[in-house]
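**Student:** Handing you a structure now.
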Amino acid sequence: MAFINYSALLSLLLCSIENANTFSFIHHHKAPHQPSSFGRVAMRLDMSTSTPPSSTNTDINTNTNTNDFNGVHVAKTGGRGVTSTSQEAAEKNLSLGAPGDRPEGGHFLTRGGVQVTAQVQDLLFVNSNSSNRSGEAEGAAPEGSSARAIEDLVDRLDSERGVLLSSSYEFPGRYARWSLGFVNPPLEVSGTGQKCTIRALNDRGHILLPAVIESMNRLLDESILEDVQISDGQVDVTVVPPSEVGTFSEEDRSRQPSLFSVVRSLVDLFGYEDGDGQLGLYGAFGYDLTFQFEPIKLAQERDPTQRDLLLYLPDEIVVVDQDKRGAWKISYDFCVNGQCTQGVSRGDGEILPFKAFDESNANKFESRDTPENEFSLSVDKAKEEFKVGNLFEAVLSQTFREKLDAETPPSTLFRRLRERNPSPYGFFINLGEEEYLVGASPEMFVRCEKIDDNDYRPGALRVETCPISGTVARGEDALEDAKRVRSLIMNQKEESELTMCTDVDRNDKSRICEPGSVKVIGRRQIEMYSRLIHTVDHVEGYLREKFDALDAFLCHTWAVTVTGAPKTWAIQFVEDMERSPRCWYGGAVGLVGFDGSLNTGLTLRTVRVKSGVAEVRAGATLLYDSTPEDEERETELKASAMMDAIVQKGTNGDVPVSAEKERSETQNVGQGKNIILIDHEDSFVHTLGNYLRQTGAEVTTLRSGPSALAAIEKLAQNGQKPDMVVLSPGPGNPSDFGLSNEIELLIKYGIPGFGVCLGLQGMVEHFGGELGVLDYPMHGKPSPVYLTDDGQTDESIFVGIPASFEVARYHSLHGIKDKMPECLDITALTEDNIVMGIRHKTLPFAAVQFHPESILTSPSHGMKILKNALRFLQPVDIEGEVANSK
């Protein structure tokens, strides 16, 4: 029954009470501000905690276990500590992957003799995400704003070639938030195996081709290319076969002829020292490029149309720096051999709209490349290799597929991923030929930038990587996340995964870095994503003077986190065991800068769209300790966020329908109800009140004592008794606060009562039970509790909660199980049989000996208990009940 302004009514009642002793049920008791000493409490309580089994439905374990809460040594002395990565980033002015300061524009000459003119136009900064919370199409952003520019790019990339890179994830000293992109670039560089094509995509690209042809002819003269073919609008080249292994030093492996020789030549052609820092080659690097660095025996049939490399040279780039709240557009013009792009139409190119899946090809469609449960068989084979020392670890993957309809173009997938799965390497690339990459990768591949102030030489190239290995699913909230982080950090198998990855990564750098410069600057750091928590290491080095960013890139192909170790044998094992070629998965996306920089992310958490089919590939790092079933589930978990972006609309794709239904049914269980919370001078009573208000109930907190009891009785006498009275925790013992008086009042008027800690102890004492003192006080300690049979009935306050769950304990006193009154059922126990929950057999009373509102108790469990109490503890007709209540 609801009443208007119940709290105001109570205040008036409290003010009108002049002498609480006029109420016959009030007895004198010790003032709460004069609690008994612990010694006196112990003298009048049964000190025994021995609880031998008495019945099968309440016994959990007869062994008493005392946790050693100081079992893990925590160092209180030690070193001064090294400079944090965030502090070092500030001191060295590291980019964190973001674009540099807004360039001024102007003219500059590249090393290859190309004249470049850059014009910079400011854009009104508007946070794209602030104007788009749907995960679907963008609402109206202001014309000329950064948000409109980015969303226009997203729309155009469905039908026009181009690249959008977007970092929506921050990490101190590692990642910042930014976006940049373009459409209709003038030049495209694509390659497969030893073949490479540089193609003009529009008239502006045709003007650039003569410089490209000169560069390729120089490679021909240097015997890096064996053939150069020139046709209308493109140059086709063939790289010489790789040299036989053993004919060159391992330090020079990255300089052997390959497709990267072509890329390096283009960087030299357009390279400059004082440019704007954003001009370069943007695109994707396929997994098969690793075979140009480490030749292996191919076992899988490749699609002859699949490309290993696709890079674009843009002539107009939109740049948004969310952290600096700045945005601009850079327009480039080029002059080659007296011919200039100025005045030539910008942005022209082939328009090829997205095509949905053709159902006439449905008989060729397979939803996954590895039948369910067969991935675990490959894990077993990997473990055999580990056992004999052929491998230390391996990363195997599988592919999941979905058909795309006309209502789900790649732009929709990108918007959904951007909203649901923020990441440091988000990307949307139209590769042409009905192929797209849409991703939200969590892992840096290789990043390089010049650092003026370092220990080696001015302007040395710093290379950094962030190997990821070690994964746990996200919890429901920050508190459950913390528990899962603890389990991840303490898991030795997960630690071994990352250790091996980082040791191999350090080896990759040591090939080309200055002696002593390769350092781990972050160890097992936690990165949280939409569904996963990862442990991440951060490794840096400084390249020796003879090496460049492409050497750094090649020496890491591909990251051990997507291959295994020893790397060459692991790559061969992957080739032999997986069911289909990886294509772009496990490769990289990003920028090869003409200023010598490099910023690339691994192609993970990626949707590859090809001819209307969306493919998601996900892998797991395998060790000898791996459990095959768990590793298969990990691949499915990693793929789930991408699959949801394909099949589930809106932003709430990862909330199950059943959970939404349950939430709506129980959210307002307290609506229209009035609760009085009696405060026994506890430090957490208002948090408890906050939880109770979340049920929809009106909650009034009264300090315990005669006035509170008088106010409750006055309400009851006026026909306005509360729907429930909650007896809060508190220090001391029940008699210090006269809890028996409070309980007697509730019985008198049939008011439901719910007790927490001291409230439970008061019920036990009132109905004839006895209290004991724990051997080891549990103050702020976590503890698992176990539901008894009585705690698992259909009307228990624990309905919908697991039979075992962790709670927060703040108590020294407890109800002795063997001396529990007959009228009380035990509903929950600890492992050593300490009573954690009770319910009266006939009266609407229940209580717990833990704190449902503490951060050590899952909020979902705590709220569920309180909601259940409101649902199941209903007022009763007390006539005839009081006499039988004891």
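**Student:** Taking Cα atoms, how many degrees apart are the long axis of helix 375-387 and the longest axis of the chain, rounded to 10 and kept between 0 and 90?
**Tutor:** Roughly 80 degrees between the two axes.
**Student:** Label region 238-353 by shape, choosing from rounded, prolate and oblate, from the square roots a ≥ b ≥ c of the eigenvalues of the Cα gyration tensor; if a/c is under 1.5 it is rounded, and otherwise prolate applies when a/b is larger than b/c, oblate when it is not.
**Tutor:** Because a/c hits 1.5 or more and a/b exceeds b/c, region 238-353 counts as prolate.
**Student:** If I stretch the segment between Leu377 and Val120 completely, what's the gain in nm (0.36 nm per residue apart, minus their alpha carbon distance), one decimal?
**Tutor:** 86.9 nm is the gain from fully extending Leu377 to Val120.
**Student:** Report, ordered by chain and residue number, the aspartates and glutamates lying within cross-link reach of Lys297, taken as a straight Cα distance under 13 Å and ignoring same-chain residues fewer than 8 apart.
**Tutor:** Qualifying aspartates and glutamates at Cα under 13 Å: Asp288, Glu575, Asp576.
**Student:** Tabulate in residue order the Karplus-calculated ³J(HN,Hα) for region 537-550, using 6.51 cos²θ - 1.76 cosθ + 1.60 with θ = phi - 60°, rounded to whole Hz; enter x for Gly and Pro.
**Tutor:** These are the phi-based 3J(HN,Hα) values: 9, 10, 10, 10, x, 10, 5, 5, 4, 7, 10, 10, 4, 5 Hz.
**Student:** Let me make sure I get this right: for region 553-609, a, b and c are the square roots of the gyration tensor eigenvalues over alpha carbons, sorted descending. Under 1.5 in a/c it's rounded, otherwise prolate if a/b > b/c, else oblate. Which is it?
**Tutor:** Oblate is the answer for region 553-609, as a/c is 1.5 or above yet b/c matches or exceeds a/b.
**Student:** What FRET efficiency would be calculated for the residue pair Glu545, Arg484, taking the C-beta separation as r and a Förster radius of 45 Å, to the nearest 0.05?
**Tutor:** Given R0 = 45 Å and the Cβ-Cβ separation, E is 0.50.
**Student:** Treat every Asp and Glu Cβ in the chain as -1 and every Lys and Arg Cβ as +1, leave all other atoms uncharged, and give the resulting dipole magnitude about the Cα centre to the nearest 20 debye.
**Tutor:** Result for the chain is approximately 1920 debye, rounded to the nearest 20.
**Student:** If R₀ is 56 angstrom, what is the calculated FRET efficiency for the pair Ser243 and Ser860, using the beta carbon separation as r and rounding to 0.05?
**Tutor:** Taking R0 as 56 Å, the efficiency between Ser243 and Ser860 is 0.35.
**Student:** Also: Arranged from highest to lowest average of other beta-carbon atoms within 10 Å per residue, in what order do the peptides 848-857, 263-272 appear?
**Tutor:** 848-857, 263-272
**Student:** Leaving ligands, DNA and RNA out of it, report the carbon-plus-sulfur percent of the accessible area of the chain at a 1.4 Å probe.
**Tutor:** Carbon and sulfur: 48 percent of the exposed surface of the chain.
**Student:** For Val82, project a label point 7 Å along Cα to C-beta. Then give me every residue of region 425-460 with its amide nitrogen under 20 Å of that point.
**Tutor:** 444-457, 460
**Student:** Which values, in whole Å and largest first, are the semi-axes of the equivalent ellipsoid of the chain obtained as the square root of 5 times each eigenvalue of the Cα gyration tensor?
**Tutor:** 66, 29, 25
**Student:** Based on the mean of other beta carbon atoms within 10 Å per residue, what is the order of 802-808, 353-359, 812-818, most packed first?
**Tutor:** 812-818, 802-808, 353-359
**Student:** Now for a separate question. Would you tally the net charge around Arg703, using a Cβ to Cβ cut-off of less than 13 Å, leaving Arg703 out, and scoring K and R as +1, D and E as -1?
**Tutor:** Net charge around Arg703: -4.
**Student:** Contour minus end-to-end for Lys781 and Glu359, with contour as 0.36 nm per residue of separation and end-to-end as the Cα-Cα distance?
**Tutor:** 146.0 nm
**Student:** For Ala90 and Asn491, what does the FRET efficiency come to when R0 = 41 Å and r is the distance between their Cβ atoms, rounded to the nearest 0.05?
**Tutor:** Between Ala90 and Asn491 the formula returns 0.75.
**Student:** Which of the residue pairs Lys364/Lys387; Lys519/Lys567; Lys493/Lys567; Lys403/Lys638; Lys92/Lys519 have a Cα-Cα distance greater than 27 Å in the structure shown?
**Tutor:** Lys364/Lys387
**Student:** Accessible area per residue of the chain at 1.4 Å probe, in Å²?
**Tutor:** Each residue of the chain exposes 41 Å² on average to a 1.4 Å probe.
**Student:** Total Lys pairs in region 748-886 closer than 26 Å by alpha-carbon, pairs eight or more apart in sequence or interchain only?
**Tutor:** Lysine pair count for region 748-886: 16.
**Student:** Okay, moving on. If the cut-off is a Cα-Cα distance under 16 Å, which aspartates and glutamates reach Lys324, setting aside same-chain residues fewer than 8 apart in sequence?
**Tutor:** Within reach: Asp101, Asp122, Glu170.
**Student:** Any idea which of Cys335, Ala708, Ser626 is furthest toward the positive side of the dipole for the chain, if Lys and Arg beta-carbons carry +1 and Asp and Glu beta-carbons -1?
**Tutor:** Ala708
**Student:** If you wrap a convex hull around the Cα atoms of region 682-802, how much volume per residue is inside, in Å³?
**Tutor:** 146
**Student:** Also: Angle between the Cα long axis of helix 628-647 and the longest principal axis of the chain, 0 to 90 degrees, nearest 10?
**Tutor:** Approximately 80 degrees, to the nearest ten.
**Student:** What do you get for the angle between helix 739-749 and the principal long axis of the chain? Use alpha-carbon atoms, 0 to 90 degrees, nearest ten.
**Tutor:** The helix 739-749 is inclined about 80 degrees to the chain.
**Student:** For a label point 7 Å from the Cα of Lys297 along Cα→C-beta, name the residues of region 553-575 whose backbone N is under 15 Å from it.
**Tutor:** 569-575
The values are calculated or read from the model by the stated rules, or taken from the named source; none is laboratory data. Note that the structure is predicted; figures quoted are calculated from it, not measured. In this analysis, Cβ positions are derived from the backbone assuming ideal geometry, glycine residues included, and neighbour counts consider all displayed protein chains. Only protein heavy atoms, including side chains, enter the accessible area calculation; ligands, DNA and RNA are left aside. Shrake-Rupley method; radii C 1.70, N 1.55, O 1.52, S 1.80 Å.
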